[in-house]
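The structure appears right after this line, and notes come after that.
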Amino acid sequence: MSVTQLILLLAEIQRAIMSLSPLSILVDATGAHVKKTTKKPGMPFADSAIAKYIDKKIDELKGVKTQREIAAEIGYDKPNLISMFKRGEARVPLDKIPLLAKALGVDPAQMFRLALEQYWPDRGDIIEKLFGRLASENEEEIFLRVCPETFLDPAKPSDHESD
């Protein structure tokens, strides 16, 4: 790594520290590169599929059920934990998945899969292998043609969104 590259790297690290942006430093054959992560301080699971899914489902329940009511249904006295789950500040405890799924009116098996991916984000292939697919490839294709917004994973961008 040249002196110029080192100075630029240190300057980027200093900017990130001053702005409190999380970063990761990647070192390859050409030298070190600073990459800002999408994770926000205090929100390590903000990009998780389950956090996005819970946020979406709670938004859909506005006017029907409050976060306080959802919290009570799963055994919490205060709604702050529900807020923490949907913002990605805390993992959803696996033992709360059945009650949370019932409170949100969603499939507990799907929610459990999303929770497992939150605990082991790099093991999605193993989770799919162990639990199987929710639908066959043909069924997914049919579902996506008929009603794409219902069956798409909220964490993944859709091919249909660009239409």
field: All positions within the stretch 76-90 that are of a type in the set (Asp, Glu) and in contact (Cβ under 8 Å) with a residue 12 or more places away in the chain
entry: Glu89
query: Mind checking which residues of the stretch 56-103 are over 19 Å from Gln118 (Cβ atoms) and hydroxyl-bearing (Ser, Thr, Tyr)?
result: Thr66
message: I'd like to know if the stretch 93-112 contains one or more residues that are among the small types (Gly, Ala, Ser) and under 13 Å from the mean Cα position of the chain (by Cα).
response: no
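Does Gly105 qualify as being out of contact with any His (no Cβ under 9 Å at 6 or more places or on another chain), surrounded by fewer than 17 Cβ atoms within 10 Å (Cβ to Cβ) and in contact (Cβ under 8 Å) with a residue 24 or more places away in the chain?
Considered against the rule, which asks whether it is out of contact with any His (no Cβ under 9 Å at 6 or more places or on another chain), surrounded by fewer than 17 Cβ atoms within 10 Å (Cβ to Cβ) and in contact (Cβ under 8 Å) with a residue 24 or more places away in the chain, Gly105 comes out as yes.
Between Lys129, Lys96, which is assigned to a helix (DSSP H, G or I) and modelled with pLDDT of 85 or more? So that I can check it myself, show each step before the final result.
On the way: Lys129 fails: modelled with pLDDT of 85 or more.
The unique qualifying residue is Lys96.
The values are calculated or read from the model by the stated rules, or taken from the named source; none is laboratory data. Quick caveat, the model's predicted, so the values are computed rather than measured. When we count neighbours, we look across all protein chains shown, and the Cβ atoms used for this are built from the backbone with ideal geometry, even at glycine.
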